[in-house]
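One structure below.
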Amino acid sequence: MTDIVSNVGAPSAEPVARPLTLILNRQARRLSDRSPVREAIERGRHVLGTRLDVVETRSLAELDAVMDELAREPPETVLVAGGDGSYMASLSSLVTAFAKRGRSEEALPAIGLLPGGTVSTVARNWGFHGGGLFANADRDAARYVTRFLEELASGRTVVTRRPTLRVTTQEGGRVGFIAGAGLVSRFFEVYDAEGARGYGGAASIVARVFAGSFAQGALAKRILDPVRCTIEVDGAAAPFDRTSLLCASVVRDLGLGMKLLYRAGESLERFHVVSSSLGPARLGPQLPLVRMGLPLVGTRVDALANEVTLRFPPGEGAYVLDGELLRSDAVSITAGPIIRVVGLRSDRP
């Protein structure tokens, strides 16, 4: 059986085995028909047999229809194969489907995150290791998926309670893990424009911005210049009305070893938020501090929070949620539902 832990390292009772559902995002980078990760899933499908139901989705409409059906008769576990955007979209859709059917968020199935996207940052924080800058990402992801499904079949996985974010705008609500604005949204604008080239592409942008922050480079200015945005943290206004950086997260490592949110995951009911108004010349050179998981220097917001509100001038609002660049002039970030996340026994942080 799968072990249950009420928080990291705290054992509890074992569940009764029920069917498992794997949501496979066919748009994800590593999930083409003959990819190593896809082949690993097919092998796991054979090992788990009739216990595993694999459902492929190609659009948000298809995903919503699947989640609506799952909310009608929930499985024990929902596995999501994809990247960070897939994890966020799937969890958001599942939470919405449960609400429509009058089901409590506390009754959500356990969630397993399988790396099938370009980066899969959340999965890396919660068990997946490998596929870094100089690694064979496809091979490492396939090995992890193989091991994950084999241990799931043999009952050697663990379940850990994890926090989430709830992000609400005029367009509706989503549930995810990492939200950001300022340099975060501008970084993703550049990243997407350069072809979303995974770890290598992200590392190239970071290196150019870091170097440019010492020499007034155009890219550093584009990404690190403060934007007009007011911020409130648990009802208290931030001490600036322009921000170069706002990030809220329930995972510590934002990718490439960036531990800006060094207290993320400390609390199930609160998330870590960091914000700064510093410009390129003062913010960029602090990259080593971020890599070491140390606080930024200078006037800033740095707190465990229950709620953060962002307000932009009309037409200027941009934010990122789990790698997805979105637009809104008013954004509310609160603590989301506490979910049960399936992981490998030896990989619990």
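Restricting attention to region 90-126, the residues that are touching a residue at least 60 places away in the same chain (Cβ under 8 Å) and closer than 15 Å to PHE177 by Cα total 13. Tell me whether region 150-166 contains one or more residues that are among the polar types (S, T, N, Q) and farther than 18 Å from GLY127 by Cβ. So far as region 150-166 goes, no, none of its residues is among the polar types (S, T, N, Q) and farther than 18 Å from GLY127 by Cβ.
For the residues ALA318, ALA335, ALA330, the requirement of being under 30 Å from LEU20 (Cβ atoms) and either of a type in the set (A, V, I, L, M, F, W, C) or at pLDDT 95 or above (or both) singles out ALA335. All conditions in (1) small (Gly, Ala, Ser); (2) under 27 Å from GLY336 (Cβ atoms); (3) surrounded by 18 or more Cβ atoms within 10 Å (Cβ to Cβ) hold for ALA220, with the sole exception of (2).
Please pick out the residue among TYR144, TYR191 that is without any contact (Cβ under 8 Å) to a residue 24 or more places away in the chain, crowded, with 18+ Cβ neighbours inside 10 Å and not small (Gly, Ala, Ser). Step by step, each of TYR144, TYR191 is checked, and only TYR191 is without any contact (Cβ under 8 Å) to a residue 24 or more places away in the chain, crowded, with 18+ Cβ neighbours inside 10 Å and not small (Gly, Ala, Ser). Here ALA303 meets each of (1) touching a helix residue (DSSP H, G or I) at 6+ places or on another chain (Cβ under 9 Å); (2) surrounded by fewer than 19 Cβ atoms within 10 Å (Cβ to Cβ); (3) part of a strand (DSSP E or B) with one exception, condition (1). Screening GLU39 on (1) surrounded by fewer than 16 Cβ atoms within 10 Å (Cβ to Cβ); (2) without any contact (Cβ under 8 Å) to a residue 60 or more places away in the chain shows it passes everything except condition (2).
Tell me which residues, restricted to region 48-107, are assigned to a helix (DSSP H, G or I) and on the phi > 0 side of the Ramachandran plot. Of everything in region 48-107, just one residue is assigned to a helix (DSSP H, G or I) and on the phi > 0 side of the Ramachandran plot, namely GLY49.
For region 288-326, how many residues meet the condition of being more than 21 Å from VAL209 (Cβ to Cβ) and among the aliphatic types (A, V, I, L, M)? Summing the residues that are more than 21 Å from VAL209 (Cβ to Cβ) and among the aliphatic types (A, V, I, L, M) in region 288-326 gives 8.
The values are calculated or read from the model by the stated rules, or taken from the named source; none is laboratory data. Keep in mind it's a predicted model, so treat the numbers as computed, not measured. Every residue, glycine as well, gets a Cβ built from its backbone with ideal geometry; the counts of neighbours run over all protein chains shown.
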